[in-house]
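The values are calculated or read from the model by the stated rules, or taken from the named source; none is laboratory data. Note that the structure is predicted; figures quoted are calculated from it, not measured. Glycine also receives a Cβ, built like all others from the backbone with ideal geometry; neighbour counts cover every protein chain displayed. The area values use the complete protein model at the heavy-atom level, side chains included, leaving out ligands, DNA and RNA. Shrake-Rupley method; radii C 1.70, N 1.55, O 1.52, S 1.80 Å.
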Amino acid sequence: MLSKWLGILGGGFVVTIQVSAMTLVLSILVAALLAMMSVSPWRPVRGLASAYVDTFRSIPILALAISVYYGLGATLHHLGIEPLGTAVAVLTAIESAYLAELYRSALEAIRRPQWDAASSLGLGWLATVRHVILPQALPAAIPITLNMAIAIIKDSSLVSLIAVSEITLVANQLIAETFEPTRIYLLVALLYVALILPLSQVSRRIEVLVARRLGLQARTDQEKTLQRLSIQAEARAG
Amino acid sequence: MDAVQSILPYILPGVLVTLEISVGAWVVSAALGLVLAVMRDTRKPLITLPASISVEVVRAVPQLVVLYIVFFGLGTLGINLDSLTAAIVGLGISDAVFTAEYYRAGFLTVAPKQRDAGLSLGLKPLQVARYVIIPQTIPFVVPPLLNSFVGLMKSATLASAVGAPEILYGGRNYMETTGHVAPAAVAIMGLYIIATVPLTRAVRSLEKRVQMRTRV
């Protein structure tokens with residue numbers, strides 16, 4: 001019985017991972033663009049980026065998902081876009097706003113004098129970003145992105161409510177047949193833990209490595225914990 | 001104008017329920033988080049270990065799954081919670097594991113010497129926490145706790161999944177009965193933007209003030 005359940009739930013978990021992976025890749029692209037916009041020298045461009053980030057960080061994922069699904073579901077279906085595509089689009093719209101804010105803070109950690117130094121060397125904005133800012137910001141972006149991946153995997157359970165057959169929805173269907181909510185939901189929780197716990201361990205290791213490379217090495221356990229917490233607290237979506 | 005008038009009866013009662021859920025879950029989270037943090041701070045493996053394990057495990061489980069476990073799972077064990085209570089408890093537990101970490105970070109800002117000093121004055125460990133550590137951590141803990149309230153206001157939409165009549169539940173009812181989606185969508189998301197953008201800004205400036213004060 002348990003192995004049969006695990007087989008069914010495993011099928012849903014594959015969809016969870018698919019949705020999360022697609023959302024993560026798209027969110028990284030959108031967030032990178034938004035973060036670059038937010039350090040642009042042109043005010044309207046900065047304004048646009050911050051308006052996007054403020055708006056989409058305020059909207060609950062589920063509210064956007066239900067609105068899009070109820071409002072455009074039929075149209076999208078005619079266009080051949082399945083709930084999975086809608087789910088990825090909705091999740092990306094919101095998660096990219098959170099990620100952009102985190103990337104922006106990584107960019108802003110690079111001090112103003114570096115921008116001035118670059119421009120006094122005659123580098124343009126794009127060249128400064130490419131050759132001076134990005135090489136320094138990228139290592140910090142790795143643990144940020146990993147923590148975001150964890151948040152996305154967790155948030156992807158919400159799209160069970162717009163008919164995407166990921167693990168939470170599959171579990172609900174299984175429960176409708178078996179009337180065993182406690183055991184099945186605990187099994188679902190266990191699968192999430194099995195995926196996310198190793199990810200968060202890896203992300204913690206990388207955080208320490210990156211901090212060391214950037215010369216921000218934590219000298220005491222206290223500093224280490226504080227560093228980790230500040231990154232995690234920022235990465236909490238939803 | 002008609003749309004606005006027809007939508008209010010669906011959304012307005014939901015606003016109150018959303019507030020009830022977020023305030024309730026916030027209280028659960030702040031209290032349970034403090035308990036977990038104090039447990040992890042005791043340095044006694046028998047007490048720290050269960051706290052650490054539950055923090056690590058619950059942190060990996062989506063809020064929606066925690067909510068389902070509380071609402072449907074506990075039901076089969078004979079503990080029947082109504083949807084509103086289940087939402088408060090479920091979202092509160094889910095959030096508490098993060099709150100616990102904020103407290104812990106706050107505790108770390110107090111030098112270990114002070115704990116030793118308290119103990120050497122004959123205070124019990126819990127008294128040291130109550131009179132020495134916790135009062136000093138308040139400025140560090142308030143901004144993240146306020147952030148977690150903003151997060152819970154958004155998470156309250158999950159309660160619609162177990163039938164608690166919050167904003168999104170009302171909005172969905174409107175969408176289903178009238179067939180008009182856009183007015184409800186605009187009303188819900190607009191309300192969230194109006195409520196959370198200023199709050200988030202306020203918390204950010206509070207955070208900056210705490211940082212400046214402590215850096216001096």
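Here is how the numbers come out for the structure above:
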| quantity | calculated |
| --- | --- |
| Unmet requirement for A:Leu99, which otherwise passes all of (1) within 20 Å of B:Pro62 (Cβ to Cβ); (2) within 14 Å of another protein chain (Cβ to nearest Cβ) | (2) |
| Test: residue in the range B:18-32 that is over 17 Å from the mean Cα position of the chain (by Cα), assigned to a helix (DSSP H, G or I) and within 13 Å of another protein chain (Cβ to nearest Cβ) | no |
| In the range B:164-198, the residues that are of a type in the set (A, V, I, L, M), under 25 Å from the mean Cα position of the chain (by Cα) and at the interface with chain A (Cβ under 9 Å from one of its Cβ atoms) | B:Ile167, B:Leu168, B:Ala185, B:Ile188, B:Met189, B:Ile193, B:Ile194, B:Ala195, B:Val197 |
| Residue in the range A:179-195 that is under 16 Å from the mean Cα position of the chain (by Cα), within 11 Å of chain B (Cβ to nearest Cβ) and open to solvent by 20 Å² or more (accessible area, probe 1.4 Å) present | yes |
| The range B:32-77: number of residues that are of a type outside the set (Val, Ile, Thr), more than 22 Å from A:Leu187 (Cα to Cα) and in contact with a Ser or Thr (Cβ under 9 Å, 6 or more places away or on another chain) | 8 |
| Checking B:Thr18 against (1) surrounded by fewer than 19 Cβ atoms within 10 Å (Cβ to Cβ); (2) at pLDDT 95 or above; (3) more than 30 Å from B:Val132 (Cα to Cα); (4) of a type in the set (Val, Ile, Thr), the condition it does not meet | (1) |
| B:Val110 part of a loop (DSSP other than H, G, I, E, B), in contact (Cβ under 8 Å) with a residue 12 or more places away in the chain and either within 9 Å of chain A (Cβ to nearest Cβ) or not small (Gly, Ala, Ser) (or both) | yes |
| Meets criteria (open to solvent by 10 Å² or more (accessible area, probe 1.4 Å), within 23 Å of B:Gly92 (Cβ to Cβ), touching a residue at least 40 places away in the same chain (Cβ under 8 Å) and within 11 Å of chain A (Cβ to nearest Cβ)) for B:Leu158 | no |
| Residue, surrounded by the fewest Cβ atoms within 10 Å (Cβ to Cβ), within the range B:52-88, restricted to residues that are of a type in the set (A, V, I, L, M, F, W, C), touching a residue at least 40 places away in the same chain (Cβ under 8 Å) and more than 12 Å from chain A (Cβ to nearest Cβ) | B:Leu84 |
| Neighbours by Cβ (under 7 Å, 6+ apart or cross-chain): first from the range A:150-162, more than 10 Å from chain B (Cβ to nearest Cβ); second hydroxyl-bearing (Ser, Thr, Tyr) and open to solvent by 20 Å² or more (accessible area, probe 1.4 Å) | A:Ile162/A:Tyr69 |
| Residues of the range A:3-60 satisfying the condition of being part of a loop (DSSP other than H, G, I, E, B) and either surrounded by fewer than 18 Cβ atoms within 10 Å (Cβ to Cβ) or of a type in the set (Phe, Trp, Tyr) (or both) | A:Ser40, A:Pro41, A:Trp42 |
| Subset of the range A:61-90 (residues that are open to solvent by 40 Å² or more (accessible area, probe 1.4 Å) and either modelled with pLDDT of 95 or more or among the small types (Gly, Ala, Ser) (or both)) | A:Ala74, A:Gly80, A:Ala89 |
| Lone unmet requirement of (1) within 10 Å of chain B (Cβ to nearest Cβ); (2) open to solvent by 30 Å² or more (accessible area, probe 1.4 Å) for A:Leu123 | (1) |
